[in-house]
1. Please report, largest first and rounded to whole Å, the three semi-axes of the ellipsoid equivalent to the stretch 50-206, where each semi-axis is the square root of five times an eigenvalue of the C-alpha gyration tensor.
2. What is the angle, in °, between the Cα long axis of helix 112-124 and the longest principal axis of the Cα atoms in the chain? Nearest 10 is fine, range 0 to 90.
3. Would you work out which of 40, 244, 281 lies farthest towards the positive end of the dipole of the chain? Charges go on Cβ: Lys and Arg +1, Asp and Glu -1.
4. Work out the P(r) tail for the stretch 48-94: percent of alpha carbon pairs separated by more than 16 Å, whole number.
5. Per residue, what volume in Å³ does the convex hull of the Cα atoms of the chain enclose?
6. Between 0 and 90 degrees, rounded to the nearest ten: what's the tilt of helix 34-47 against the longest Cα principal axis of the chain?
7. Using a cut-off of 13 Å between beta-carbons, work out the net charge of the residues near residue 74 (Lys and Arg +1, Asp and Glu -1, residue 74 not included).
8. Could you list which residues have their amide H under 5 Å from that of residue 59, counting only those 5 or more apart in sequence or on another chain, with H placed in the peptide plane?
Amino acid sequence: MAEQTNIQKPQPVPAPKKADNKAVSSNVGGVKNASIVILVCFIIAVCFFIFVLGNGANFKDGDNANAPLNLAGTIYKGGFIVPILQTLFLTVIVLSVERWIALSKAKGKGNIAKFVANVKAALAAKDINKAEELCRKQKGTVGAVVYATLQKYKEMDKDTVLTKEQKLALIQGQLEEATALEMPSLQQNLPIVATLTTLGTLIGLLGTVIGMIKSFQALSASGAPDSTELSTGISEALINTAFGIATAAFALISYNFYTNKIDNMTYAIDELGFSIVTTFSATH
């Protein structure tokens, strides 16, 4: 009887895992049309002015033409400038929250300073693949720009036609192009906030002037001055001044805060871009 032997079939060798070359997206997002935000804020401000501040319970005898009984009635006496200033103030708040959400996404998943240090360490070790992996984990604006620059680095590394100087120029150009594409999304709506810094003050000053004019008209009336008209004019002047200053102050703080956050991202991009160009120059 022939001897039988057990022959095992060779197991298939698993294919090597392909590197993830998917581009890194900054995913900043944000409100693209600020005019819609301003319109909605205006509607809210007008409704609040008419139905809340102008409620009869805030005035003597339940008539908003009479003297106010509380702060809400006093604000109502500020006149038609008040809902305009409230619109500006609400717009600053909404756009500030919108920029907070957008820049939080642009920042990425980890600490930017730590990300910069890790990528520089990978570049120092000439480990471009590790630097790319760090960018994919970080995401955000800095990760997206650095990843695009690293892709150009690898492309130039394989090129055998261009000179070293031409390769360095192309890598630097890729860095600048990627940064230029990201900056508009970072700075979106900030020019409006900067404009409201000045506009809030000017509108408040306009309301103050109108209120003072009414006050002087009450004083110049024949006979005894009308105390109601006088107080109305003074209220209009002071309320509008307060809203104008509050709007300008909040807009200024918001604009400087977010500009500083954008500058920090830009510095990180510049630092890593310099490291990438320096590494390519030293190894080629």
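What follows draws every value from the coordinates through simple rules; no lab data is involved. These figures come from a predicted structure and were not determined experimentally. Here the Cβ positions follow ideal geometry from the backbone for every residue, glycine too, while neighbour counts run over all protein chains shown.
1. Each semi-axis is the square root of five times an eigenvalue, giving 57, 16, 9 Å.
2. Value to nearest ten degrees: 20.
3. Among 40, 244, 281, the one farthest towards the positive end of the dipole of the chain is 281.
4. Working: 396 of 1081 pairs.
Tail of P(r) above 16 Å: 37 percent of Cα pairs.
5. On the way: hull volume 63.5 nm³, N = 284.
It comes to 224 Å³ per residue, whole-number rounded.
6. 30
7. Values: positive: 60, 77; negative: 236.
That sum, taken over residues with Cβ under 13 Å, equals +1.
8. HN-HN under 5 Å from residue 59: 69.
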